[in-house]
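Report on the structure given below.
The values are calculated or read from the model by the stated rules, or taken from the named source; none is laboratory data. None of these values were measured; they are calculated from a predicted model. Using ideal geometry, Cβ is built from the backbone for each residue, glycine included, and neighbour counts are taken over all protein chains shown. Side chains included, ligands, DNA and RNA excluded: accessible areas come from the protein's heavy atoms. Shrake-Rupley method; radii C 1.70, N 1.55, O 1.52, S 1.80 Å.
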Amino acid sequence: MRKLTLTLTAVVLGLLLASQAFAWGPGFGRGKGDRPCREAALEKLNLTTDQNAKIEALRDANYKETRPLREKIFDKSVELRRLWLQTNPDKDKITAVQKELRTLRNEMEDKVTALRFEMNKVLTPEQREKLANTGWGRGSGFGPRGGR
């Protein structure tokens, strides 16, 4: 009887804890950058089918072009994490990997900037103005990059 009570208590407790996780939901996740925000902003512009096709082609090309860079960033991040987890972390190695990681992230930021310029070329002046007013490019949260 005691074993049954203990088992039932564990199951009920597990269900209660799991229900809290389901109540909060999955959140926004990371996905491909802030793509849901960009999608919502672009939908408000009433793009033509030709504009949609051009923007999607630009995005796909950029995504394929930046894949090796994203993989390098991931690998360097893992390497940095492993360096920090060593019993005696080597300051010089960590600093060198951090510099490489910053360089890769800067390169990625440059490619994103180039993509945005190319996407702006597809839009009409009215659409560009409307896009600027939607807050496209701002992240979520507080501060200058996404504060309200």
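Checking the table K76/K111; K76/K121; K72/K111 against a 24 Å threshold on Cα-Cα, which pairs fail? Walk me through the numbers on the way to the answer.
Values: K76/K111 19 Å; K76/K121 34 Å; K72/K111 15 Å.
Pairs exceeding 24 Å: K76/K121.
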Phi angles of the stretch 58-65, converted by Karplus (6.51 cos²θ - 1.76 cosθ + 1.60, θ = phi - 60°) into ³J(HN,Hα) in whole Hz with x for Gly and Pro, give 4, 4, 4, 5, 5, 4, 5, 5
Under 5 Å from the placed amide H of L47, counting only residues 5+ away or on other chains, we find none
Relative contact order as a percentage, the stretch 61-140, C-alpha pairs under 8 Å and 6+ apart, gives 32 percent
Under a 1.4 Å probe, counting only protein heavy atoms, D50 has an accessible area in Å², nearest 10, of 90 Å²
Gyration tensor on Cα atoms of the stretch 36-132, a ≥ b ≥ c root eigenvalues, a/c under 1.5 rounded, else prolate if a/b beats b/c, else oblate, says prolate
Residue by residue through the stretch 12-17, the couplings from Karplus 6.51 cos²θ - 1.76 cosθ + 1.60 with θ = phi - 60°, in Hz, x for Gly and Pro, are 5, 4, x, 5, 5, 5
Pseudo-spin-label distance M108 to R2, built 7 Å along Cα→Cβ, given in nm, is 5.5 nm
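Loop only by DSSP, 16 or fewer other Cβ within 10 Å of the Cβ. Give me the trypsin sites (Lys or Arg not before Pro) in the stretch 42-121 that pass, ordered by residue number.
K44
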